[in-house]
1. Quick check on my filter: what residues within segment 657-685 are touching a Phe, Trp or Tyr at 6+ places or on another chain (Cβ under 6 Å) and not in a helix (DSSP H, G or I)?
2. Test Glu28 against the stated conditions and say whether it is more than 28 Å from Asn173 (Cα to Cα) and either of a type outside the set (Gly, Ala, Ser) or open to solvent by 70 Å² or more (accessible area, probe 1.4 Å) (or both).
3. Go through segment 615-634 residue by residue and tally those that are part of a loop (DSSP other than H, G, I, E, B) and either closer than 22 Å to Gln552 by Cα or open to solvent by less than 10 Å² (accessible area, probe 1.4 Å) (or both).
4. Show me the helices (runs of 4 or more DSSP H) found entirely inside segment 104-217 where at least 3 residues are acidic (Asp, Glu) and within 26 Å of Phe47 (Cβ to Cβ).
5. What strands (runs of 3 or more DSSP E) completely inside segment 547-600 contain at least 2 residues that are under 26 Å from the mean Cα position of the chain (by Cα)?
6. If Asn706 satisfies all but one of (1) modelled with pLDDT under 95; (2) closer than 15 Å to Val668 by Cα; (3) in contact with a strand residue (DSSP E or B) (Cβ under 7 Å, 6 or more places away or on another chain), what's the number of the condition it fails?
Amino acid sequence: MNYIKGNLKKILFQGENGYIVGLFKIKEASIENEELINQIITFTGYFHDLNEIDTYLLYGQSVFHKKYGEQYQVNSYERCKREDKDSIFEFLTSGIFKGIGEKKAKKIVDVLGKDTLKIILDNPDNLLLIPGITKKQADMLHNTLLDYENSYETIILLTELGFSTKESMIIYNKYKIKTKEIVNDNLYQLTYDLKDLSFKKIDMLALNKGYNKDDERRIQASIIYVMNEICNLLGHSYLLIDEIYKSAMKVINTSIADEDFINAINSLIIDNKIVKEEEKYFLSSMHEAEEYISKRIKYLLNQEPCINKKIELFILDLETNSHLLYNDKQKEAIRLSALQNFLVITGGPGTGKTTIIQAIVNLYKNINKISTKELMDEVVMLAPTGRASKRISESTSLKAYTIHRFLKWNKETNKFAVNEYNKSDVKLVIIDEASMVDIYLFYSLLKGIKTDTKIILVGDYYQLPSVGPGELLKDIIESEVVPVIKLDYLYRQKEGSNIITLAYDLNNGVVNEDIFNKDKDLIFDYCKRDQVCEAIKNICQKHQKDSYKDFQVLVPRYKTINGIDNLNKVIQDIFNPRSKNKKEYVYGDVVYRENDKILQLTNMPDENIFNGDIGIIDSINKNEIVIDFDGNLVRYTPSNFNTFKHGYAISIHKSQGSEFKTVVIPVVKDYGNMLYRKLYYTAVTRSKKKLYLVGELNALTYASSNNNADIRRTTLKERLQKKIKVKV
């Protein structure tokens, strides 16, 4: 087994969850690491109470890290027993034991010998044999040593159960001295408290530990698990009893009596893990989020509107200074942004939403007579993705943030530093691409801003809903209790955009074939399903010189011959063919190559990159891929290669919040349930200048008529419509 043995020299970084980057002096090593003996190396891993006194065995492997270079990545570790008097003396004088200095430590070791620690643990009164040691000191030393040993033994217990060191640290940091008690009493409690641990693993370990398949604790945990899974997958706020039962039974793979299942549900309701309203079953976190959002919106609506008699003059000044003439609905949106405390502005592509955002910010600055610096302190522009925030920032020349970044999301703890206990002082929040914001994220945002902070949501009602649960923008608009401005004047259509015409046709459930191929901006390449790949290759060859930011293939599915995975391999050979001058890295069945286009799949706020960002592979080294995101060089090692993939072809969902000059969209009957109106409307509206549709016209016609996919069950609309007095 690959290992190194030695001592901690210095901790360079320590995270809240036990993650440590440090320096380690090696005394002994396995054959693979013999050349490291007597050297000081950098190491990383998850540890509990790591100190400079103990000797440790670290099991792992050498990797390359962008900040610390070559380092040893620890998978598990052991604390070596102290078997000589010198190490025991050093331990007693380490500062862990208050009131024990060198003189007393020497006396203790001289009297009790090499079994000092065992003797103290067996009976603290043995310490009374040492001159100068009081009963109080003996008890203190015994209790401190007991806590020290118990915490380490708890970590060992968890690893022996089958948890990794990282998982063990997560568990111990949550429960501390109660860890053994909770694990022994109900291992499934971990599924409720620790989102980083999978139900399936805990379930496997529980069954290995001797839990029965029909154990009520197992049934309850499976119910919460499937409710989370279904709500996150389908976007529902609540579920019905039959679907919960069927899904839970599949997960636990055993049959149980209806009565036992109902008892488990009722216990979860009593414990406030589930909330039942009529026939609807909510996770308590979702129920709380929807309730809070509705109350907060009502609170803002109930506040007295701001009256300013000079608003019309201010709007006139805006038109003069920007050399624009706003249409009536745009003027109304700008006016209401000053008067209302909660406002929604919705409209399709080409209706001037970005223009309105810029006008709203300028109006706020002029009305309040504040400087640019004060404006930045009082007004914040947000978007759900990094691409969307960059786009709105580029379009308006105003600074914008992702919601996660504004709330100072901590990836390690999955918590926001800006929260109900540490609120932001901003006075106006504008959220662009609001259709992409899920219920949980909006709930977290409301918790992080003051109750009287004005909120303006801007988005396209007809676009795809959020990846997470809920249908925030749609529910708010359809409630008809919130002021909503619907922009419908098509500026881009006035410029002769066939793409915009197609988008609105799709929304109306029709496809007019006459619109295709009459101008250069909208091309339909008619072909059969087995010809789509070749047709896309031909289009790509025409656009080889386009910037990677300007040209994008958008695809509904990952699998099949016309899916994202296969198309990425095909397109890679066109835009970035193999060359002796380009290094490669094989990861599974994917070949990454220098100059490849890459899509980021997760948020990495510490690196200032987010889900949906697109970059280029700058260089490939031994065990490292460096990706360039607009000048931000981010280094990846094999442990996080799963956080990105090729970006030549990406999913339509991942493209939300982005725009490209040229877009290619395959459309074939094989896409099945991914042929629906909102999906293709969203894809079409990503294109600014040129759009290629490739495949079967009848598939597009079917998609335009299919308005049933992705129907979500939510209750925010109904909650907003209830007329009750609101206190927040």
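1. Hits for segment 657-685 are Thr662, Val664, Leu675.
2. Spelling it out, Glu28 is indeed more than 28 Å from Asn173 (Cα to Cα) and either of a type outside the set (Gly, Ala, Ser) or open to solvent by 70 Å² or more (accessible area, probe 1.4 Å) (or both).
3. Total meeting the criteria: 2.
4. Correct list: 135-161.
5. Filter on segment 547-600 gives 551-555, 590-593, 597-600.
6. Of (1) modelled with pLDDT under 95; (2) closer than 15 Å to Val668 by Cα; (3) in contact with a strand residue (DSSP E or B) (Cβ under 7 Å, 6 or more places away or on another chain), only one is false for Asn706: (3).
This table checks each residue for (1) in contact (Cβ under 8 Å) with a residue 60 or more places away in the chain; (2) at positive phi; (3) charged (D, E, K, R).
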{"position": "Leu502", "(1), (2), (3)": "yes, no, no"}
{"position": "Asp514", "(1), (2), (3)": "no, no, yes"}
{"position": "Asp521", "(1), (2), (3)": "yes, no, yes"}
{"position": "Ala535", "(1), (2), (3)": "yes, no, no"}
{"position": "Lys545", "(1), (2), (3)": "no, no, yes"}
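Matching residues to (1) over 24 Å from Leu720 (Cβ atoms); (2) in contact with a helix residue (DSSP H, G or I) (Cβ under 6 Å, 6 or more places away or on another chain); (3) loosely packed, with under 15 Cβ neighbours inside 10 Å; (4) free of Cβ contacts under 8 Å to residues at least 12 places away in the same chain:
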{"position": "Ser284", "(1), (2), (3), (4)": "no, no, no, no"}
{"position": "Arg296", "(1), (2), (3), (4)": "no, yes, no, no"}
{"position": "Gln303", "(1), (2), (3), (4)": "no, no, yes, no"}
{"position": "Cys306", "(1), (2), (3), (4)": "no, yes, yes, no"}
{"position": "Leu318", "(1), (2), (3), (4)": "yes, yes, no, no"}
{"position": "His323", "(1), (2), (3), (4)": "yes, no, yes, yes"}
{"position": "Thr346", "(1), (2), (3), (4)": "no, no, no, no"}
{"position": "Gln358", "(1), (2), (3), (4)": "yes, yes, no, no"}
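The values are calculated or read from the model by the stated rules, or taken from the named source; none is laboratory data. Source: prediction; values computed, not measured. Virtual Cβ from ideal backbone geometry, glycine too; neighbours counted across all protein chains shown. Ligands, DNA and RNA are stripped out before the accessible areas are found, and what is left, the full protein with its side chains, is counted by its heavy atoms. Shrake-Rupley method; radii C 1.70, N 1.55, O 1.52, S 1.80 Å.
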